[in-house]
Amino acid sequence: MTHATETLILGLLTGGVYALLASGLTLIFGVMNIINVAHGALLVLAGLLTFELWRRLGLDPIASAVVTTPVMFAVGWAIYRLFVARIRTAPVSMTVLLTFALAITLEGAMGLTWKNVFRSVTPGYVNQSFHLGPFFFPKAQVFGCLAAVAVLSGLWLLLTRTWAGRAIRAASQNPQGSALVGVDIRGVAALTFAIGVATTGAGGSILSVLYPLFPASHYLWISRLLGIVVLGGMGSLPGAVVGALILGVAEAFTATYVSTRWATVVFYLVILVVLLVRPQGLMGSRLRGDVVT
Amino acid sequence: MARDRWKLGWAVAVLVLIGSACSGGGGGQSSGESKEPITIGASLPLTGEFSQPGGAAKRGYDVWAEMVNEKGGILGRQVKLTILDDASEQNTVVADYNRLITRDKVDLLLGTFSSLLNLPASAVAERNRMVYVEPAGGAPAMFERGFHYLFFAQQATAPHQADVFVDWVKSLPAGQRPKTAAYPTQDDPFAKPVIDTMRKALEAAGVKTVYATVYPPETTNFDTIANTIKARNPDLVAQGAVFEDGVGLVRSLIKAGFSPQTLFQTSAPSNSDQYAKGVGEANTEGVFYTVSWSPEATYPLNQDFVRRYQQKYNQVPEEDAADAFAAAQVLQAGVKAVGEIDQDKIADWLHANKVDTILGPLSWDETGAPQSDFLLAQWQGGKSEIVLPKDVATTDNVVLPKPDWKQS
């Protein structure tokens, strides 16, 4: 029983971290209808920046999110202005191609800059756990979950409680209409994309602590994160949280009670089943084709 | 119709004549009268997935060529390396070796890196009846084809790389010997055979298996595996770890607060710098692994190799560089012993004789599979020490049981 409970705890904590990693991906899709395949590469990039700050300045990886978040915001802004803006009116599949190309380019650039070796950020707490009775709660995962809560509630507040957020949502629902009432559509789009990429600042911090970083490891992350947002409903923030928690727990239980071989398949099975049974995901709504541009 | 055949026959005959004239010329040069350099061709994964070990292997070959040429070359002729880049691609590696043999007409070949690439490349060499000594490709499939010209220049094929550890465990007094064991391994052509063979051997020796799992290469989260290991409480944890997963499992075991009496991992701990940084230097204490080469080993030429490598590249040689150097040594020994560049004679000689290399003495069975043992190494005091075999051990001390994890 202890074993099963611990498995559940580990699954939920991992799920929390997944939610943090997936938040920007789902935001960009929900608002802009862009599937940002480069999200995984941007996470690894943020992780490597965190590594650099830690190695050179001894900056705590979680504290360094304060630095990497604005940097990643700027990166997101630049990517949008330079590349994505050009294909805003093209079909969604073109955004997949474009961002995939970006992912490969980033991978190559990271390989040149940081070499194809594994990098780990190892502050004191990385291998420590909080202990409660017979259970252990790995500290890095706990911090990751807290960061996920902070980032996701921040995004939620931004979208629902600020003018910029309302503009973002309005632009996503009806670009022509919101332009008529004075929303700068292009500015809002760049802002959304930049915010989505900025979340990789916090995500990369946690990633760099939990897993060794390698330029090509982004493939692994993007496939997992897509599984999460597809399950939760593409574009839904609460959906990403629910999807991440379900998949974290499913992965942990599969690894423990079925086989570790099957644990990584869980994500892909989920994508398949969701697309067959409930294509809009758990909490996603069907998009209205008439207003999506 | 008949006339056409006639013409075709002539054309073929002329081609054959030209061909034999060319190769005849080549053969004449290699008899040692002329002082033209001996050309040695290889293709390495200098870019792509295996670029890191591929680059190391190239440095190993280059250092070997430099050292050989300083001492007058082989058979009084200088050595000239032609190294192509196969981009870690099977198709490219085949094209590369074909080109080296047919267009560049190299005198000798050296192998590439990884079983993936050596499998097709060695077939090209075999077809052309050229000796093929390869530095890294120990998957069983390499030796199931019964090739005559293939030689693997490490001590043992993948399934036997941990034999030295198994023997050590069996040699322990009953009180210290592990009674239970857990075997997590990555589904990898090098790691898994090592652990499979070890598990069978230890089970036969009475070590009970309490947990075994095969995880895919994409696995990043080892907390659940560590949690299960903790629940089963084995004396020995033997992991088939490539790299990332080796660090990941150790970290997760630390988080779970479970420290086994004995911890063995396949390749991960041999990436010294990256491994120590990944798990924390204090936590490396007592971790066992097997390795083909050590910078401390006192085998002939090894210290010269280390010194020269450090001068040239300003870093301690990687294991992959040493393996490449050893492969070239094997080829060199064959040519020297035979006294001419005769592929069949070289192959026969290598099948029948032992060669001294910086990895220790190597010998081969009829399929080219090596017949020696890896070195058993253990992390002690923040550096790796060789524990076995005794004649090259750098310490008599063995850390047992492994101390508890240190929370840094």
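The values are calculated or read from the model by the stated rules, or taken from the named source; none is laboratory data. Owing to the predicted nature of the structure, the values given are computational and were not obtained by experimental measurement. Note that we place each Cβ from the backbone using ideal geometry, even for glycine, and neighbour counts take in every protein chain shown.
From the list A:I228, A:I246, A:I222, exactly one residue is more than 11 Å from chain B (Cβ to nearest Cβ), at pLDDT 85 or above and in contact with a Ser or Thr (Cβ under 9 Å, 6 or more places away or on another chain). Which is it? It would help to see each step written out before you state the result.
Values: A:I246 fails: in contact with a Ser or Thr (Cβ under 9 Å, 6 or more places away or on another chain); A:I222 fails: in contact with a Ser or Thr (Cβ under 9 Å, 6 or more places away or on another chain).
After applying the criteria, what remains is A:I228.
If I ask for residues that are in a helix (DSSP H, G or I) and within 13 Å of the chain's Cα centre (by Cα), which ones from the stretch B:98-116 would you list?
Initial filter on the stretch B:98-116 (in a helix (DSSP H, G or I)): B:98-102, B:115-116.
Matches in the stretch B:98-116: B:S115, B:L116.
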Quick check on the stretch A:118-131. Is at least one of its residues under 17 Å from the mean Cα position of the chain (by Cα) and farther than 18 Å from A:I79 by Cβ?
no
All conditions in (1) under 20 Å from B:P193 (Cβ atoms); (2) facing chain A (nearest Cβ under 10 Å); (3) outside any strand (DSSP E or B) are true of B:L249 except (2)
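In the stretch B:252-279, how many residues are more than 21 Å from A:Q128 (Cβ to Cβ), touching a residue at least 24 places away in the same chain (Cβ under 8 Å), assigned to a helix (DSSP H, G or I) and of a type outside the set (G, A, S)? First the steps, then the outcome.
Of the stretch B:252-279, the ones more than 21 Å from A:Q128 (Cβ to Cβ) are B:261-262, B:264-274.
Cutting the leftovers down to touching a residue at least 24 places away in the same chain (Cβ under 8 Å) gives us B:261-262, B:264-272, B:274.
Narrowing further to those that are assigned to a helix (DSSP H, G or I): B:268-270, B:272, B:274.
Those still in the list that are of a type outside the set (G, A, S) too: B:269, B:274.
Within the stretch B:252-279, residues that are more than 21 Å from A:Q128 (Cβ to Cβ), touching a residue at least 24 places away in the same chain (Cβ under 8 Å), assigned to a helix (DSSP H, G or I) and of a type outside the set (G, A, S) number 2.
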How about the stretch B:373-392: which of its residues are surrounded by fewer than 19 Cβ atoms within 10 Å (Cβ to Cβ) and not acidic (D, E)?
B:Q380, B:G381, B:G382, B:K383, B:P389, B:K390, B:V392
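Considering B:A204, B:A212, B:A174, which residue is of a type outside the set (K, R), out of contact with any Gly (no Cβ under 9 Å at 6 or more places or on another chain), farther than 25 Å from B:A57 by Cβ and within 14 Å of chain A (Cβ to nearest Cβ)? If you could, list the steps in order and put the result at the bottom.
Working: B:A204 fails: within 14 Å of chain A (Cβ to nearest Cβ); B:A174 fails: within 14 Å of chain A (Cβ to nearest Cβ).
Of B:A204, B:A212, B:A174, the one residue that is of a type outside the set (K, R), out of contact with any Gly (no Cβ under 9 Å at 6 or more places or on another chain), farther than 25 Å from B:A57 by Cβ and within 14 Å of chain A (Cβ to nearest Cβ) is B:A212.
Quick check, is A:V75 within 14 Å of another protein chain (Cβ to nearest Cβ), buried (at least 20 other Cβ atoms within 10 Å of the Cβ) and among the aliphatic types (A, V, I, L, M)? Can you show your working first?
On the way: within 14 Å of another protein chain (Cβ to nearest Cβ): no; buried (at least 20 other Cβ atoms within 10 Å of the Cβ): yes; among the aliphatic types (A, V, I, L, M): yes.
For A:V75, the condition - within 14 Å of another protein chain (Cβ to nearest Cβ), buried (at least 20 other Cβ atoms within 10 Å of the Cβ) and among the aliphatic types (A, V, I, L, M) - is not met.
Within the stretch B:291-331, which residues are of a type outside the set (A, V, I, L, M, F, W, C), in a helix (DSSP H, G or I) and touching a strand residue (DSSP E or B) at 6+ places or on another chain (Cβ under 8 Å)?
Just the residues of the stretch B:291-331 that are of a type outside the set (A, V, I, L, M, F, W, C), to begin with: B:292, B:294-296, B:298-300, B:302-304, B:307-315, B:317-320, B:323, B:329.
Okay, now just the ones that are also in a helix (DSSP H, G or I), so B:302-304, B:307-313, B:319-320, B:323, B:329.
Scanning the stretch B:291-331 gives B:E319, B:D320, B:D323, B:Q329.
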How many residues are surrounded by fewer than 24 Cβ atoms within 10 Å (Cβ to Cβ), more than 10 Å from chain A (Cβ to nearest Cβ) and among the β-branched types (V, I, T) when one looks only at the stretch B:215-246?
1
Hey, does the stretch A:195-210 have a residue that's more than 15 Å from the chain's Cα centre (by Cα), modelled with pLDDT of 85 or more and within 14 Å of chain B (Cβ to nearest Cβ)?
yes
Those residues of the stretch A:78-133 which are assigned to a loop (DSSP other than H, G, I, E, B), away from every other protein chain (no Cβ under 14 Å) and among the small types (G, A, S) amount to A:A90
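Report whether or not B:A212 is assigned by TED's automatic domain parsing to the domain that holds B:S259 and part of a helix (DSSP H, G or I).
Criteria not met by B:A212.
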Residues (among the aromatic types (F, W, Y) and more than 24 Å from B:N233 (Cβ to Cβ)) located in the stretch B:175-192
B:F190
With within 14 Å of chain B (Cβ to nearest Cβ), over 17 Å from the mean Cα position of the chain (by Cα) and either assigned to a helix (DSSP H, G or I) or among the aromatic types (F, W, Y) (or both) as the only criterion, which of A:G47, A:G15, A:G11, A:G40 stands out?
A:G11
Of all residues in the stretch B:267-284 being more than 13 Å from B:K383 (Cβ to Cβ) and within 23 Å of the chain's Cα centre (by Cα), the one that is farthest from the other protein chains (Cβ to nearest Cβ):
B:S267
Is at least one residue of the stretch B:131-139 surrounded by fewer than 22 Cβ atoms within 10 Å (Cβ to Cβ), modelled with pLDDT under 95 and not assigned by TED's automatic domain parsing to the domain that holds B:S267?
yes
Can you name the number of the only condition in (1) over 18 Å from the mean Cα position of the chain (by Cα); (2) exposed (fewer than 15 other Cβ atoms within 10 Å of the Cβ) that B:I346 fails?
(2)
Given (1) under 21 Å from A:G227 (Cα atoms); (2) surrounded by fewer than 22 Cβ atoms within 10 Å (Cβ to Cβ); (3) within 14 Å of chain B (Cβ to nearest Cβ), where does A:N33 come up short, assuming only one miss?
(3)
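Can you find a residue that is modelled with pLDDT under 90 and crowded, with 24+ Cβ neighbours inside 10 Å anywhere in the stretch B:116-127?
Filtering the stretch B:116-127 for residues modelled with pLDDT under 90 gives B:116.
Then drop every residue that is not crowded, with 24+ Cβ neighbours inside 10 Å, which leaves none.
Scanning the stretch B:116-127, I find no residue that is modelled with pLDDT under 90 and crowded, with 24+ Cβ neighbours inside 10 Å, so the answer is no.
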Quick one: is A:T260 farther than 18 Å from A:A103 by Cβ, in contact (Cβ under 8 Å) with a residue 12 or more places away in the chain and hydroxyl-bearing (S, T, Y)?
no
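What are the residues in the stretch B:296-317 that are buried (at least 19 other Cβ atoms within 10 Å of the Cβ) and either of a type outside the set (A, V, I, L, M) or over 21 Å from B:R59 (Cβ atoms) (or both), if any?
Residues of the stretch B:296-317 buried (at least 19 other Cβ atoms within 10 Å of the Cβ): B:297, B:302, B:305-306, B:309, B:317.
Within the stretch B:296-317, B:N302, B:F305, B:Y309, B:P317 meet the criteria.
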In the stretch A:214-276, which helices (runs of 4 or more DSSP H) lie fully inside it and hold 1 or more residues that are surrounded by fewer than 23 Cβ atoms within 10 Å (Cβ to Cβ) and small (G, A, S)?
A:218-232, A:237-253
